[in-house]
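Nothing in this text is a laboratory measurement; each read-out follows from the coordinates by a stated rule. Every value quoted in this text rests on a predicted model; they were computed, and no experiment measured them. Glycine also receives a Cβ, built like all others from the backbone with ideal geometry; neighbour counts cover every protein chain displayed.
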Amino acid sequence: MQAAATTVETSLWVGPAVTAAIVSGLVALASLATNTLITLNSNDRRLKAERKALERRGELDLQLAEKRMRLDRHLALSRRRAEVAEAVLGDFYEMARIFEQVRSPMIWAGEMEAEEGVPEAVTKNSGYGVIRRLRKQEEFFARLEARRFTAAALFGPEVREHYQAAIRLFNAIYNAGRYILDVKDGDQDTEQRSYLVEQRRVAFATGEDDPTTRKINELVMAVEKVCRPYLEADAPD
């Protein structure tokens with residue numbers, strides 16, 4: 001009878017223990033599920049944040065690359081303009097020096113040496129001396145004229161007028177020498193003598209108040225205004 005009572009008493013405690021274990025397991029499972037969801041949500045937010053950060057970084061890298069490309073192009077163009085500006089300005093300063101030498105009133109004996117097929121009267125003519133001097137500079141003037149298209153492309157159409165002015169000066173000096181060469185002494189009337197004097201002032205420098213020298217200097221200063229800013233320009237930021 002006592003053994004039966006013990007069995008009954010023991011069985012009475014089995015039900016609550018099992019229930020407690022089940023409840024504890026369910027609580028643990030719910031906690032695990034909750035933690036898992038929290039972890040998944042956290043990972044999802046982290047992945048989205050990382051994805052946005054990568055996208056933003058990609059956009060910034062692209063913007064930086066585009067800015068760098070524009071800067072490189074600007075630097076290359078600036079360097080190119082500076083190089084051409086230096087060459088153009090140098091050409092015009094050299095042109096002024098050549099015109100000064102060509103228009104020197106003194107024709108030296110060595111400049112009147114005989115040339116094959118040219119009469120002695122021509123080689124000793126002062127006008128032919130001017131023509132001969134210009135001919136010796138044909139290579140330089142060809143180089144100067146050839147650079148005008150590049151200069152116009154980089155500095156604008158204004159610079160073309162300066163090259164045309166240089167060509168007009170060359171032609172004026174050459175034609176003045178030609179006129180002096182062609183004129184025969186004693187064959188001129190008053191008007192022709194006056195024109196001969198005028199052409200001599202073109203072919204040869206006549207001093208400080210020389211109109212042709214003034215035109216040459218003004219032309220060089222005009223080219224200075226075009227080219228100097230590109231030579232002194234600061235590097236872009």
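Compute the signed sum of charges (Lys and Arg +1, Asp and Glu -1) over the other residues within less than 12 Å, Cβ to Cβ, of Asp91. Net local charge, Asp91 excluded: +1. Here Lys124 is the anchor, and the lysines within straight C-alpha reach of less than 16 Å, apart from those fewer than 8 places off in the same chain, are Lys184. Sorted on the mean count of surrounding Cβ atoms within 10 Å across their residues, most packed first, peptides 211-221, 195-205 read 195-205, 211-221. Centre-to-centre separation between the Cα atoms of the range 139-214 and those of the range 119-135: 16 Å.
Under 29 Å of direct C-alpha separation, and excluding same-chain neighbours fewer than eight residues apart, Lys52 reaches these lysines: Lys67. Between the listed residues Val118, Ala96, Trp108, the Cα displaced farthest toward the positive end of the dipole of the range 77-118, a dipole computed from Cβ unit charges relative to the Cα centre, is found at Ala96. Which of the lysines could a cross-linker span from Lys225 if the Cα-Cα distance has to be under 29 Å and same-chain partners fewer than 8 positions apart are dropped? Lys225 reaches Lys215. 3J(HN,Hα) along the range 33-50, derived from phi through the Karplus expression 6.51 cos²θ - 1.76 cosθ + 1.60 where θ = phi - 60°, amounts to 4, 4, 4, 5, 4, 4, 4, 5, 5, 5, 5, 5, 5, 5, 5, 5, 5, 5 Hz, with x in place of Gly and Pro.
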